[in-house]
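Some notes on the structure that comes next.
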Amino acid sequence: MNRRHFLVSAGAGLSALALPAGSFARLPEETDAAFNARMAWWREARFGMFIHWGVYAVAAGRWRGLTLPGPSEWIMSTARIPVADYEPLASRFNPVKFDAAAFAELARDAGMKYMVITSKHHDGFAMFDSKLTDWDIMDRTPFKRDVIKELSAACPDAGVKFGIYHSILDWHNPDQKKNFPRYVEYLKGQLKELLTGYGEFGSIFFDGEWIPRWTTALGEDLERYVRSFQPNVTINNRIGKRATVDQGGYTPGKYIEGDYDTPENVIPKKLPPRDWETCMTFNDSWGFKQDDHNWKDTGTLIKMLVDCVSLSGNFLLNVGPTAEGIIPEESATRLREMGQWLKRNGEAVYGTTFGPARGWQLRSTRKGNKIFLHLFNWPGRLAVKLGERVKRAYVLSDPAAGDLTFRQNGDLLTIDLPGKRPENNVSVVAVETA
Ligand code: JFZ
């Protein structure tokens, strides 16, 4: 075993960046108290399931025998498929193996606290029973079941908050090009159907806001509209024109788009200025793609989760169910392994925020008087810069192994670690401070 020391320093200026929660009131009329109240469960949750599912799962990344590059839900664009040629995919979408309870229970078993599924992606296809179009799962598929309804009912039973992804970009509705005001009415109309017919949502993830005619003002109007039905739903930044937010243009008192930022497939390297959630593909596609076998392994995914939480962010990990209605076994197996790790180490994740130490192969989180040192490897002796007095240290997943010997010399904390590595992936040393 490699018993070298390793020394990490406190993340430079991390705490200076810890802006008070609620510094970024979103709609000008809104109070920080209301914002913080609706964000409470979200900040506790830290880990969610993203689901990209639609009729693109039938093509599964291939068109006319060719495997297209890019994510499979974009195939209409990447293969330049006219609407008339794309529509027949719906008549072949018959996911008879779909079981809403199984999806919700897999999320629960993975340790995920919320779910976000595509009610509509860029292809415009409604995965719910919409009265405003027949381009939906009830009217165009042999399946004729409202999967959004079934999941919205199954999630609470599994203790998972239910939410939706809804695309502003729509390649199917001709009004998006021909009559934009009428398209906006359609967009709002479908959201009203969703917000009034499917119970309380945890969050709504908007996307496709980059279309030229979408504006900050339309985002602000849409946000008020959504809140008129569900004041407590959490909304991501892509409801507005995301770029203005991601560049750090936060001015308290002005309209700030949504409740949290959404870096995509990247994890920030330093503490972002407000709540955030990284969404991540399991392989390299959001929708199911038959030729993509590039699955991230369990260890990588646990480290990604920890990396997010160590900077006070959430991790929204995506699965792409097949056209049969199955979450690929490659994903399901790894999710269950993550859930096992969280059973032993969840105290270091749920409801925690960024911790005072960060370095090579090390992240940290904290909650109350506990600091959690997440070790990506297992050195013999751990040395960490920590400007706080320590009372006790132990291995989180094995408290029975007893307290660990430690010394503090100025702001240098050294802990003798047991010879046996407690976890294959990330091992957590819990430190109680005075
Ligand atoms: C969008 C979608 O186009 C994609 O299909 C998927 O749903 C994903 C979650 O979101 O893709 C994006 C959105 C934002 C960026 C890049 C791709 N971005 O900020 O760079």
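General remarks:
- Trp210 versus Lys144: modelled label distance in nm, points set 7 Å from Cα along the beta carbon direction: 4.0
- J(HN,Hα) series, segment 151-160, from Karplus relation 6.51 cos²θ - 1.76 cosθ + 1.60, nearest Hz, glycine and proline x: 6, 5, 7, 6, 4, x, 4, 9, x, 10
- Debye equation applied to the C-alpha atoms of segment 176-324, log10 I(q)/I(0) at 0.13, 0.18 Å⁻¹: -0.72, -1.20
- For the chain, averaging the sequence separation of C-alpha pairs within contact (under 8 Å, six or more residues apart) and dividing by the residue count gives a relative contact order of 21 percent.
- Leu412 long-range amide H proximity, modeled H, under 5 Å: Leu386
- Near Glu432: Cβ cut-off under 14 Å, other residues only, Lys/Arg at +1 and Asp/Glu at -1. The net charge is +3.
- Area of Lys385 that stays accessible when all protein chains are in place (1.4 Å probe, Å², to 10): 90
- Considering only Trp276, Trp210, Trp360, the Gaussian network model of the chain with Cα springs below 10 Å gives its largest mean-square fluctuation to Trp360.
- Counting only protein heavy atoms and a probe of 1.4 Å, the accessible surface of the chain is 53% carbon and sulfur.
- Segment 163-311, relative contact order [Cα under 8 Å, separation at least 6], %: 17
- Solvent-accessible surface of segment 283-330, averaged per residue with a 1.4 angstrom probe and all protein chains in place: 29 square angstrom.
- Less than 5 angstrom separates the built amide H of Ser427 from those of Leu375, all sequence-distant by 5 or more or on a different chain.
- Listed peptides 409-420, 305-316, 154-165, 69-80 appear in the order 305-316, 154-165, 69-80, 409-420 once ranked by packing, highest mean of other Cβ atoms within 10 Å at the front.
- Our helix-only sum for the chain, with -39,500 (n - 2.57) per DSSP H run of n ≥ 4 divided by its residues, gives a mean residue ellipticity at 222 nm of -8000 deg cm²/dmol.
- Summarising the amide proton neighbourhood of Val319: residues at separation of 5 or more, or on other chains, whose placed amide H is nearer than 5 Å comprise Phe50, Ile51, His52.
- Accessible area per residue in Å² at 1.4 Å probe, computed on segment 23-150: 37
- Separation between Cα centres of segment 30-70 and segment 273-341, rounded to whole Å: 11
- Within the listed set Arg334, Arg421, Arg363, the residue fluctuating most in the Gaussian network model of the chain (springs between alpha-carbon atoms under 10 angstrom) is Arg421.
- When Arg381, Arg64, Arg182 are compared by accessible surface with a 1.4 Å probe, the order from highest to lowest is Arg64, Arg182, Arg381.
- Cα coordinate range in the chain, projected on the principal axes (Å, largest first): 71, 48, 37
- Heavy atoms of Trp171 accessible to a 1.4 Å probe, total area in Å² rounded to 10: 60
The values are calculated or read from the model by the stated rules, or taken from the named source; none is laboratory data. Treat the numbers as computed from the prediction; the structure is a model and nothing was measured. FYI the Cβ positions are ideal-geometry reconstructions off the backbone, even for glycines, and counts take in every protein chain you see. Keep in mind that these areas ignore ligands, DNA and RNA; they rest on the heavy atoms of the full protein, side chains included. Shrake-Rupley method; radii C 1.70, N 1.55, O 1.52, S 1.80 Å.
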